Structures are given as structure tokens and as C-alpha cells.
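Enquirer: This is the structure I have questions about; it appears just below.
The values are calculated or read from the model by the stated rules, or taken from the named source; none is laboratory data. Quick caveat, the model's predicted, so the values are computed rather than measured. Neighbour counts are summed over all protein chains in view; Cβ atoms, including those assigned to glycine, are modelled from backbone coordinates with ideal geometry.
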Amino acid sequence: MYKKLFLSLALAAAIGGTAKADKPLPYLDDSLPIEQRVEDALKRMTLEEKVALIHAQSKFSSPGVKRLGIPENWMTDGPHGIRAEVFWDEWSWANWTNDSCTAFPALTALAATWNPDMALLYGKSIGSEARYRNKNVLLGPGVNIYRTPLNGRNFEYMGEDPYLTSRMVVPYIKGVQSNGVATCVKHYALNNQEFDRDHVDVRVDDRTLHEIYLPAFKAAVLEGDTWSIMPGYNKYNGDHACENTTLLLDILKGDWGFDGVAVSDWGAVHNTDKVVANGLDMEFGSWTNGLNWGKSNAYDDYYMADPYLNGLRSGKYSVKDLDDKVRRVLRLSMRTTMDRNRPYGSFATEEHAAAARQIAEEGIVLLKNSAVKGKGKTPALPLNTDKVKKILVVGENAEHIMTLGGGSSQLKTFREISPLQGIRNVVGDKAEIRFVQGYESPQEPPQDRPDVKLPEQGPIDLDALRAQAVEAAKQADAVIFIGGLNKNQHQDCEGVDRESYSLPYEQDKLIDALVKANPYTVVVILSGNAVSTPWRAKVPAIVEGWYSGSEAGNALANVLFGRVNPSGKLPFTFAEKLEDYPAHATGDKSLYPGVGGIVNYSEGLNVGYRYKDINAVFPFGYGLSYTTFKLGKPTVDKSSFGAGEGVTVTVPVTNTGKTAGSEVVQIYVADKQSSLPRPEKELKGFKKVAVEPGQTVNAVITLDADAFKYYDPAKASKDNRETGWIAEPGDFELLVGTSSASLPYKVPVTLK
Ligand code: BGC
């Protein structure tokens, strides 16, 4: 009460207004509807204040309206934790001592849980950390579709399937925004490679755009109600995403009715005329004064700063367009910083570490688990410390810090348990643990840390490192190899793509040599991308452990030693070789990385498992468990239904093994009669169920009317492109199983 009174008096005095002492000014009165408050604030603002509101004042903040008590906006990366504080106008860490966050697993790991509850937990937890650090916009999550395994940023995204990504992004957003912190869903749209990302111009047909590349953004807007979105660096049909009428005005703000803020990616704006007219609302990270690169504190020179203001003053630009942007930013403030009921948040707590660990554990994918040659029938995993007394851990990734590197998602974390430490934590004194490196990567200085001087690295002798590991492997009862990619340049890193589908630093050779020396060699890959696995037939067990954040090592060790039964499923296809992915199938450079700055998505809908000839060695949706499951015959609530209706499928899942575990039942829709050719199958429903040994649990999955639709550009009206979505009457099959390649049940249904 006193606070309110004081605020009103102070503000009334500050703005020379006549507010009554006991009644806040309308824009500050949170008993009024937000739209009324927005209009009230808008009419109090000067032209200069409006323009100031819509562009940055520092690397990650914009000024608000001080005179009116409208707070600054503070943005933070995203999407795996709250980025360290940086200097006002520099990318380098500001060396605060209280900004070490919880690192949550990379979004690929989250997607691999196939559990929307985990996405909600993730969102709530990371949103709470953002709130505590006084950030009101979290730059994430990323929902760009996995088109090529070379994309350096796939680890920040949720895989190859628009439906899975959509189901995971919605609860993430809800969780974050329940803290009074906005998500900024990125990178809208078609930012599917890092190579030439600032210029690359994507050409994609409308059907593919709507069926593959837009659904997750649409779900984020229409179901998640995200309060902001980030148009990316790339172009689409000749215009940059931040300046793109089709993407921003027609689709986002037109068809989807988005009422939030379109925040430019950092440095993604190029032209005042275009951003003014084409629907961008806020400009961040421009590096330039419009002429030269790297001028410091050039915020007044931003495209949406003085050049815009001057154009408004001269009448070149209309205040109406400006007001639309300002309203959106005010709405953002009302929803976040000016919501006095939002929680306070908490930071780097044990509760958040536990959440990070739980998500990591659910996301780890067991790709192979067979018996060790010459050692009976028991599968290699979980490792049993009654039997393996001498364990050798090999591989640089057993110790590599994974929260650093990789670009803007890198984190300063209060804890990162390495795999080696996690294994030691779990094993204790029950077995002897030895570590040898086996291979080495060239050291890279951590990004944004010019202050860190790395010790000089001598020449790397991979042959000698390998020989040493092989000798040690011969002495061990079991070997755990921990390799993969590492977020160095070209190894899962923003700004650059991978240059090869293979594991780097001669890891293939090392794995071959290890398993020859000791058949009990378990391979753990840490990565955010598929890699080639030429040794997969030789090794008894393979695990994909992702980049799993603060509790990575504990989560991995809990799975390796059987404290946790793995239940993750791949969110993208592991193919045999690069050419198995449709974007690379023909070697035509116009599909990737582009020719003359243009990339043609001419594979169309053939992305991931939708491509019949993908040649998956580990398919989309696949992942093993330490127990076995049997799916019973699915039943449907009705076998024929009308347009606008859906169908509910019940699938009994029996745990036929000896360990409690979780299985993900997946339903893919196959359209038997359609005017346009459709992919053989498309994921349209899934459910993760926990089942005790010997028990049966029903997975109940509802496919709504949208599950049967496809997009026909010929049917789309120019005023609303959403009208292109149609459900054609006819016969469908529901393919039910536990991965895109294992769908034993076919349930016929008819759309009347
Ligand atoms: C990235 C964004 C990030 C921004 C701010 C850009 O380079 O593409 O994802 O949020 O920087 O760090």
C-alpha cells in the first residue's frame, strides 16, 4: 500500500501529472486490463521515448521509459541456462561472482525425453533462474528443424519432427512464463544451417514451409502464447527474416494473430525502411553505425534509432507503425517487469540441479546393448561392480567442460559434473577407476573470455595416445569410452557447421582398437548431432549422452550403472552416412550449403524419417531400456469420425522384464487416399508411460482433428494462409509402435 502510494506520488510529481494520491495512474494499475494500461502508457510517451523503447541500449538491454517508471528490458541467453553477465557494450564476461547458473541439458536432450512434463519442469526451473537474475526475456527455446546433421546449432533445437518439437516447446514456454519472464522463441524461421547464416537465402515450397518448418513456431504462438519471438539471420525469398513481410506480417502477426514482440537476432537488422514497415519490433546487437563495423556504444546509430526517429520527424515514416511496435513492447513490460504478482525466482539451487539431473536421465538414449563377446548372455549394460572390478575410462569427453563453447548458449555454471566424476561418485570404492585420455582435441580459448590465457598445448600425438589407451584397456575388466563432439569450432558450435559426419580426432580408430583389445568396451557419445558409427557392430553397447548440463556426469553414471533405467528416444535419425540425409543425398550443393547464397530445400517434405530411403542405423523415436516391453493390440474409441473430430487410441503396455522402466508409445498417421502425395507416415501422437515389472499400463493417446490434415497451397487464401490446412475424407492407418521403424500395429480409421 505504502509502496503504491509512494510510487503514484513520485510519478505524479515526476511527470507533473495530477494523479490522486490513492489511485495509481491507469497504466500502473494492475486491476485494469492490460490493453487499457498499454493505451494509457502509449499516450503519455513522447516520440523520442517511443523510439528509445524499441532498440538496445547495451548488449542485452533496452531502456524502458524512466520518466514513467516503465522498467528496462533485460534479455539473456538462453536456452540452456542464464548466460553470465557481460560488460555493457562487450561480449566478454563482466566477472561477476554471483552469476554462476544451473546448466540444464541441451534442448536435444530435452527432446529425447519425449516427455512434455520434463519440458514443463525445464521451463519452470530456467524461468525461475532468469527471474532471480532480473531478466525479463529468455532468448530461447530454439525450435528450428533438424534438416542436416552438419548444422552447428542442432544441439540447441529439438530434432527433426515438427510434431515432437511442438509438443515439447509449449510446456517449456508455459513453465518459463509462469515466472513472469517471456520466452523468445528462435530463430524464426528457416535458420537450419550456420554456414553463411547471415546471408543465406532459403527457397522452400509453401507446403514444406507450413508442414515442416513452421508448426513449432505456430504452436509456440497459438498454444504456448509466447510473449516474444526472434526472427533469425537468414533470408527467405530474398528478404532477411527480420525484414520479411511474409514471415512477420502475413503469417506471424496476420494468420497467427501474434500480439507479442518480434526481437531481432543480434545484428540481424540491415535496413530501416524494411524493419519499419515489415513487422520487426525491437532491434538488438547491431554491430555497426551503418557504415563501419564495430563502433562502440553505437546504439543511437541503430536502424531503429536515430535513422528511424529522423524519418518519423520528417514524415517519411508513420507514427501508426511505430505505435504498433511500442504497444507490443509495453505489453511485454506489463506481462513481465510490471506484473507485481510474479514470483521472485531462485538461482543455482539444489532443486534446479535435481531438475537438470532428472531431465538428463530421462533424455539419455541407449542405442545398443548386447552381450559381450565370450562373456555369456548378459547385456554389457548396466555395468555391475560385483563383476567388473577394474574399470577403464577413455576419452577426452570424460573430462571436457561442455557448458563452455558452442556460442551464445555457453554458460558459467555453479557446477558441471563431468562423466568421469559422475562415474567415481556412483562407483565409490566398489571398483577401481582408471582414466586415460585416448585422444586429444586442439585447445580453443573459451569464447568471450579474452582474460583466460590457456597453457600452451604441445603437439598432439594421436597414435601415442591411442597406444597408451589400448595397453590400459587390456588390463581392465571393462572399458567405458566417452567421446563424441565437444562444441569446439565445427564440432557443434554456433556460427559454423560441422565439416564431416564422422567423429573427429580419430575416435573411430581408437574405438576399433579399444574393442579389439577389450571386447567389453561400452561407447558413450556426447553430442547434439548424429555421427557416423562404423564400429557399431563390433561394440556391445552404445549410449547417446548429449550435452547434459550441471549434472551430466551423475546422470550418465546413474544410467551406466543401472541406478536409472534409460527411457530416452532419438529426436532425430542416426543415418549410416551423410548422403543418406535427403539434403545431402545427391551431393547437389544447391541443397546444402547453397550456391550463390541460395539454398534450395528441394527435398521438400523428405526431412528425417519422412524420407523413405534415409537408411537409419538408429531411427527417429528409437531407444532401448534395461527391461523389455510388449505392446498389446491398440483399440480406438471410434473407427470412423467426422471432420473436426479426433480419435482416442488406447495401447496396453506390459513390462515383460525384471526392472521398472518407461516406454514411449508412438502413433504415426498414414494417409491411404489423398489428392497430394504424403509422406508414408508422420508422427501425430505419443505418450511415455512408466510400468513396473509384470504390470500393464494403458497409454491413452488422443489424435485431434489436425492429426489428419495436410497443407495444400492451392487451397490457401491470400488473406489467411492457414486455410491451406485440409483434412480430406478417406481411409487412414494409425501405425502404432515404439519407434519410426518399429510399428507393429496398423489400425484402420476413416474420416467421413
Ligand atoms: C544468436 C542468438 C542469441 C543472440 C544473443 C545470436 O548470435 O543467434 O541465438 O540469442 O546472439 O546472444
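Enquirer: Out of the range 484-502, which residues are over 22 Å from the mean Cα position of the chain (by Cα) and either part of a strand (DSSP E or B) or crowded, with 24+ Cβ neighbours inside 10 Å (or both)?
Expert: none
Enquirer: Tell me which of these T385 doesn't satisfy, since it passes every other one: (1) touching a Lys or Arg at 6+ places or on another chain (Cβ under 6 Å); (2) at pLDDT below 95; (3) not hydrophobic (A, V, I, L, M, F, W, C).
Expert: (2)
Enquirer: Then there is this: Right, G395: within 16 Å of the ligand (Cβ to nearest atom), closer than 27 Å to I542 by Cβ and not β-branched (V, I, T) or not?
Expert: Spelling it out, it is not the case that G395 is within 16 Å of the ligand (Cβ to nearest atom), closer than 27 Å to I542 by Cβ and not β-branched (V, I, T).
Enquirer: Has the range 425-435 got at least one residue that is under 30 Å from G123 (Cβ atoms) and out of contact with any Pro (no Cβ under 6 Å at 6 or more places or on another chain)?
Expert: Yes: one or more hits.
Enquirer: Regarding L591, is this residue aliphatic (A, V, I, L, M) and touching a helix residue (DSSP H, G or I) at 6+ places or on another chain (Cβ under 6 Å)?
Expert: Numbers: aliphatic (A, V, I, L, M): yes; touching a helix residue (DSSP H, G or I) at 6+ places or on another chain (Cβ under 6 Å): no.
No, not satisfied.
Enquirer: Of the residues that sit in the range 717-752 and are part of a loop (DSSP other than H, G, I, E, B) and more than 33 Å from the chain's Cα centre (by Cα), which one is nearest to F618 (Cα to Cα)?
Expert: The selected residue is P729.
Enquirer: Sticking with this one: What residue, among those in the range 494-546 that are within 16 Å of the ligand (Cβ to nearest atom) and touching a Ser or Thr at 6+ places or on another chain (Cβ under 7 Å), is nearest to L404 (Cα to Cα)?
Expert: E494
Enquirer: Right, something else. Being part of a helix (DSSP H, G or I), in contact (Cβ under 8 Å) with a residue 24 or more places away in the chain, away from the ligand (no atom under 13 Å from the Cβ) and of a type outside the set (D, E) is true for just one of L150, L164. Which residue is that?
Expert: L164
Enquirer: Kindly provide the set of residues from the range 723-752 that are under 19 Å from G254 (Cα atoms) and touching a strand residue (DSSP E or B) at 6+ places or on another chain (Cβ under 9 Å), ordered by number.
Expert: G724, W725
Enquirer: Another question, if that's okay. Would you mind finding the one in T183, T226 that is among the β-branched types (V, I, T), within 16 Å of the ligand (Cβ to nearest atom), over 27 Å from S527 (Cα atoms) and within 17 Å of the chain's Cα centre (by Cα)?
Expert: Among T183, T226, only T226 is among the β-branched types (V, I, T), within 16 Å of the ligand (Cβ to nearest atom), over 27 Å from S527 (Cα atoms) and within 17 Å of the chain's Cα centre (by Cα).
Enquirer: If I go through the range 30-45 residue by residue, how many of them are surrounded by fewer than 19 Cβ atoms within 10 Å (Cβ to Cβ) and in contact with a strand residue (DSSP E or B) (Cβ under 9 Å, 6 or more places away or on another chain)?
Expert: 1
Enquirer: I've got another one for you. Do you know which of the residues in the range 265-288 that are within 13 Å of the ligand (Cβ to nearest atom) and charged (D, E, K, R) is nearest to A52 (Cα to Cα)? Quick ask: steps written out before the conclusion?
Expert: Here is the first cut: in the range 265-288, the residues within 13 Å of the ligand (Cβ to nearest atom) are 265-269, 282-287.
Cutting the leftovers down to charged (D, E, K, R) gives us 265, 283.
Working: D265: 18, E283: 10 Å.
Among those that are within 13 Å of the ligand (Cβ to nearest atom) and charged (D, E, K, R), it is E283.
Enquirer: Just checking, which of S92, S58 is among the polar types (S, T, N, Q), touching a residue at least 24 places away in the same chain (Cβ under 8 Å) and closer than 17 Å to A305 by Cβ?
Expert: Residue meeting the stated conditions: S58.
Enquirer: Let me ask you something else. Looking only at the range 358-376, filter to residues that are at pLDDT 95 or above and of a type outside the set (A, V, I, L, M); which one of those is farthest from T627 (Cα to Cα)?
Expert: Filtering the range 358-376 for residues that are at pLDDT 95 or above and of a type outside the set (A, V, I, L, M), the one farthest from T627 (Cα to Cα) comes out as Q358.
Enquirer: Go through W96, W91, W74 for me and flag whichever is closer than 21 Å to L332 by Cα and of a type in the set (F, W, Y).
Expert: Of W96, W91, W74, the one residue that is closer than 21 Å to L332 by Cα and of a type in the set (F, W, Y) is W74.
Enquirer: What pairs come up if the first residue lies in the range 108-128 and is under 17 Å from V665 (Cβ atoms), the second is charged (D, E, K, R) and not in a helix (DSSP H, G or I), and their beta carbons are under 7 Å apart, counting only those six or more places apart or on different chains?
Expert: Once the first residue is under 17 Å from V665 (Cβ atoms) and sits in the range 108-128, its partners that are charged (D, E, K, R) and not in a helix (DSSP H, G or I) give A112/K569; W114/K569; W114/K688; N115/K688.
Enquirer: A further question follows. Quick one: which helices (runs of 4 or more DSSP H) sit completely within the range 279-381 and have at least 1 residues that are among the polar types (S, T, N, Q) and farther than 28 Å from N115 by Cα?
Expert: 306-313, 319-335
Enquirer: Let me ask something additional. Can you find even one residue in the range 256-270 that is in contact with a helix residue (DSSP H, G or I) (Cβ under 8 Å, 6 or more places away or on another chain) and over 30 Å from K124 (Cα atoms)?
Expert: So far as the range 256-270 goes, yes, one or more of its residues are in contact with a helix residue (DSSP H, G or I) (Cβ under 8 Å, 6 or more places away or on another chain) and over 30 Å from K124 (Cα atoms).
Enquirer: Where in the range 1-110 are there helices (runs of 4 or more DSSP H), lying fully within it, with 2 or more residues that are modelled with pLDDT under 95 and either under 27 Å from the mean Cα position of the chain (by Cα) or charged (D, E, K, R) (or both)?
Expert: 2-15
Enquirer: Something else now. Can you pull out the residues in the range 127-182 that are over 19 Å from N341 (Cβ atoms) and among the aromatic types (F, W, Y)?
Expert: Those that are over 19 Å from N341 (Cβ atoms) and among the aromatic types (F, W, Y): Y146, F155, Y157, Y163, Y172.
Enquirer: Please give the number of the condition E211 fails out of (1) of a type outside the set (V, I, T); (2) under 25 Å from S409 (Cα atoms); (3) under 23 Å from the mean Cα position of the chain (by Cα).
Expert: The one condition E211 does not meet is (2).
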